[in-house]
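What follows draws every value from the coordinates through simple rules; no lab data is involved. It should be emphasised that the depicted structure is a prediction, and the values quoted were computed from it without experimental measurement. Because the Cβ atoms are built from the backbone with ideal geometry, glycine has one as well, and the counts that use them run over all protein chains shown.
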């Protein structure tokens, strides 16, 4: 009898000890999955101010810049580039234009005078022609044969003189037209060049196209531009981002390509202000895969996400952020907490509560979530596992 009581007490003690284990009932649910990447804030609407395209000018020197971060009004001068070279070229072209205009006036007067002189020569030649022809016409028997031949020769010479002067007049008229055409062409050329230089000089004063904040551009060395620095065609001197329309540029590992889709929601946490969380949505995925850089040979692709309600008082282009992309599937799955899993030699196990002691049971895992994991085989809904 005493032995029976001892066995009963021992059994109750074991049962009491076993009942102290915390268990989890396996059930079906939606696995919370996120892909965490880094990103950089950019404005979705940024106006870049660059040097104007001017013929035979490739390099520009910055003479003045407004302070970076300053709020400027539309039409305000925000930068001034050096105009000395263009001013010198304008002086030369303006002088050539004035010379050409004067040449046109002088040529017009000279052509008119030359033509007038030739017309007088023609009138004189025609008068001599009439006199010579008259001598031929009135020659009769009283005139010797020698004189007749002389009169005929003189008439022929007079006719040739008239024809020569007429040809000279024609050549002078054509020549005058060609000279005028060349001079007028030079005038148009120099006029166009002077107008282009004046426009170019004016364009070297950069005006704010809208009201907003000013951000300095980045040169080829990765440094912000500064007054006195030389820049080249195509370089951005300043930019004016729209702070109420921000987006995040991200790079995503190639292995996650199948899980990331346009339209997926995400959370954005600024490194400079991690306490605030902003919502967003993926709006564009890059079509080309690339290597991140020479130091990190990781294959990635680019993605762009909108920020639903950006805070212009906190957000600035270039800020870095942590981005959590929600890739949760709506399909119910068999789930377990991550801390319920034990691993031995790469195999996943869970503890199943036993009468005298717990036992290990191997399972096959699927997708990993933030706090839970999908169970493919080894357990069923309603099974209980022991939590550590």
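Restricting the stretch 301-326 to residues that are over 22 Å from the mean Cα position of the chain (by Cα) and assigned to a strand (DSSP E or B), the residue that is farthest from residue 239 (Cα to Cα) is 326.
Restricting the search to strands (runs of 3 or more DSSP E) fully inside the stretch 22-105 and requiring at least 1 residues that are in contact with a strand residue (DSSP E or B) (Cβ under 6 Å, 6 or more places away or on another chain) and closer than 30 Å to residue 301 by Cβ gives 34-43, 46-49. Among the residues of the stretch 225-255 satisfying the criterion of being within 23 Å of residue 53 (Cβ to Cβ) and part of a strand (DSSP E or B), which is farthest from the chain's Cα centre (by Cα)? Here the residue is 230. Screening the candidates 285, 204 for the property of being under 30 Å from residue 95 (Cα atoms), touching a residue at least 24 places away in the same chain (Cβ under 8 Å) and under 21 Å from the mean Cα position of the chain (by Cα) yields one hit, 204.
When the stretch 338-361 is filtered for residues that are assigned to a loop (DSSP other than H, G, I, E, B), out of contact with any helix residue (DSSP H, G or I) (no Cβ under 7 Å at 6 or more places or on another chain) and surrounded by 14 or more Cβ atoms within 10 Å (Cβ to Cβ), the ones remaining, listed by number, are 341, 358. Looking at 364, 320, 377, 370, just one residue is surrounded by fewer than 12 Cβ atoms within 10 Å (Cβ to Cβ) and in contact with a strand residue (DSSP E or B) (Cβ under 9 Å, 6 or more places away or on another chain), and that residue is 377. Quick check on the stretch 232-247. Is at least one of its residues surrounded by fewer than 17 Cβ atoms within 10 Å (Cβ to Cβ), over 30 Å from residue 290 (Cα atoms), in contact (Cβ under 8 Å) with a residue 24 or more places away in the chain and in contact with a helix residue (DSSP H, G or I) (Cβ under 7 Å, 6 or more places away or on another chain)? No, the conditions are met nowhere in the stretch 232-247.
Just the residues that are touching a helix residue (DSSP H, G or I) at 6+ places or on another chain (Cβ under 9 Å) and in a strand (DSSP E or B), please, taken from the stretch 362-388. 368, 372, 373, 385, 386, 387 - these are the residues of the stretch 362-388 that are touching a helix residue (DSSP H, G or I) at 6+ places or on another chain (Cβ under 9 Å) and in a strand (DSSP E or B).
Residue-level analysis places residue 252 among those that are in contact with a strand residue (DSSP E or B) (Cβ under 7 Å, 6 or more places away or on another chain) and in contact (Cβ under 8 Å) with a residue 60 or more places away in the chain. Restricting the first member to the stretch 159-182 and to residues that are over 15 Å from residue 125 (Cβ atoms), and the second to residues that are exposed (fewer than 12 other Cβ atoms within 10 Å of the Cβ), the beta-carbon pairs closer than 9 Å and six or more apart or on different chains are 176/112. Go through the stretch 213-224 and give me each residue that's over 16 Å from the mean Cα position of the chain (by Cα) and either in a loop (DSSP other than H, G, I, E, B) or under 12 Å from residue 61 (Cβ atoms) (or both). Selection gives 214, 221, 222, 223. When the stretch 256-269 is filtered for residues that are surrounded by fewer than 20 Cβ atoms within 10 Å (Cβ to Cβ) and assigned to a strand (DSSP E or B), the ones remaining, listed by number, are 265, 267, 269.
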